[in-house]
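Engineer: Below you will find the structure I want to go over with you.
No lab work stands behind these numbers, since they all come straight from the coordinates. In this text, all values refer to a predicted model and were calculated from it rather than measured experimentally. Counting neighbours? That spans all protein chains shown, and the Cβs are built from the backbone with ideal geometry, glycine included.
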Amino acid sequence: MSVLYKLFPRDLVRKILAGKVSDGAFKEYLKLKVPGRRDEIINTAFIAVDFETTGLSPAKDNILSVGYTVIRDNRVVLKESGYLLVRQEHNLHSENVAIHQITDTEAEQGVELQQALDELLVKMSGKVLLAHHADIELGFLNAACLKYYGYHLPVRVVDTMLLEKNRLARRHAGFKSGQLRLFNIRKAYGLPRYKAHNALEDAVATAELFLAMLAKYCDDSKCRLNSFL
């Protein structure tokens, strides 16, 4: 399936997949066109997404919680935010609980991963995925989609960590270990501190950071999505 994503335009891939998958959230997601690379940023809807997980490997670790918020007209739309705990089959390790503060009792009251994924895909429809260190979210998202729907997710992605890394590289400016972490980049852009390791708060923090980047570096009202993918 990865060959299909490389050989054909994204919209064609969506049409091909829509004809293969059964009815449901994944099929509905595929029906709605993804914003084009040449679309103006001001006219592009984004969804900032963050996962709290039991580790960094989609092959052996689990999604604990999902947080998301929406950006429209270059504004965070908090009323379209959401937070979902995901039910776990096994008890959580104490070292993980110390980081994300999700207890076994809370995890037992969560929803099944497919239900969380269905809700997220409905919210993602017609939007660009926004994440900080997006490889993590993409890895877990694609692993879940492959498990429940049989295919990876065709999606456009903006990664705030990669944007800052590329900006520093263009300036030939080195960076210290940890400098590209979300809260450190927020500090560099004059944004306030926040409580990390909560999926919803991290999603909102990422959305705010992206808007701060736009305000600083996108002075053209016709700024295009292509510049940030």
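Engineer: Compare 168, 120, 191 in a GNM of the chain, Cα atoms joined below 10 Å, and give the one with the largest fluctuation.
Structural biologist: For the chain, modelled as a Gaussian network with Cα springs under 10 Å, the answer is 168.
Engineer: Under a Cβ-Cβ limit of 4.7 Å, which cysteines in the chain have nobody to pair with?
Structural biologist: When partners are defined as cysteine Cβ atoms under 4.7 Å apart, the chain leaves 145 without one.
Engineer: I would also like to ask the following. If the cut-off is 27 Å between C-alpha atoms, which lysines fall inside it for residue 15, apart from same-chain ones fewer than 8 positions away?
Structural biologist: The reachable lysines, counting only those whose Cα sits under 27 Å from residue 15, are 6, 27, 31, 33, 123, 127, 147.
Engineer: So for the chain, what percent of the C-alpha to C-alpha distances run longer than 25 Å?
Structural biologist: Value for the chain: 42 percent of Cα pairs lie more than 25 Å apart.
Engineer: Tell me, what ³J(HN,Hα) does each residue in the stretch 145-152 have, in order and in whole Hz, if you take phi through Karplus 6.51 cos²θ - 1.76 cosθ + 1.60 with θ = phi - 60° and put x for Gly and Pro?
Structural biologist: Each residue's phi maps through the Karplus curve to give 5, 5, 5, 9, 10, x, 9, 6 Hz.
Engineer: Right, next: What are the residues whose amide H is under 5 Å from the amide H of residue 224, where those residues sit 5 or more places off or on another chain and H is modelled from the backbone?
Structural biologist: So residue 224 has HN proximity to 41.
Engineer: Explain nothing, just the number: relative contact order of the chain, from Cα pairs under 8 Å at least 6 residues apart, as a whole percent.
Structural biologist: Relative contact order, the chain: 27 percent.
Engineer: Need the list of lysines near residue 165 for cross-linking: C-alpha distance under 16 angstrom, and skip anything on the same chain fewer than eight residues off.
Structural biologist: Counting by Cα, and skipping residues close in sequence, residue 165 has these lysines nearby: 176, 187, 216.
Engineer: A follow-up question, please. Calculate one ³J(HN,Hα) per residue across the stretch 116-123 by plugging θ = phi - 60° into the Karplus curve 6.51 cos²θ - 1.76 cosθ + 1.60, and present them in order as whole Hz with x for glycine and proline.
Structural biologist: Taking θ as phi minus 60°, the curve returns 5, 5, 4, 5, 5, 5, 4, 6 Hz for the stretch 116-123.
Engineer: Something else about it: Ratio of alpha-carbon Rg to the 2.2 N^0.38 Å globular estimate for the stretch 132-188, to two decimals, please.
Structural biologist: Dividing the Cα radius of gyration by 2.2 N^0.38 Å gives 1.43.
Engineer: 5 Å is the cut-off here: which amide hydrogens, built 1.01 Å from N in the peptide plane, fall below it relative to residue 53, excluding neighbours closer than 5 in sequence?
Structural biologist: Placed amide hydrogens put 64 under 5 Å from residue 53.
Engineer: Using each residue's phi in the stretch 53-60, evaluate 6.51 cos²θ - 1.76 cosθ + 1.60 at θ = phi - 60° and report the 3J(HN,Hα) Karplus result to the nearest Hz, with x for Gly and Pro.
Structural biologist: 10, 7, x, 9, 9, x, 6, 10
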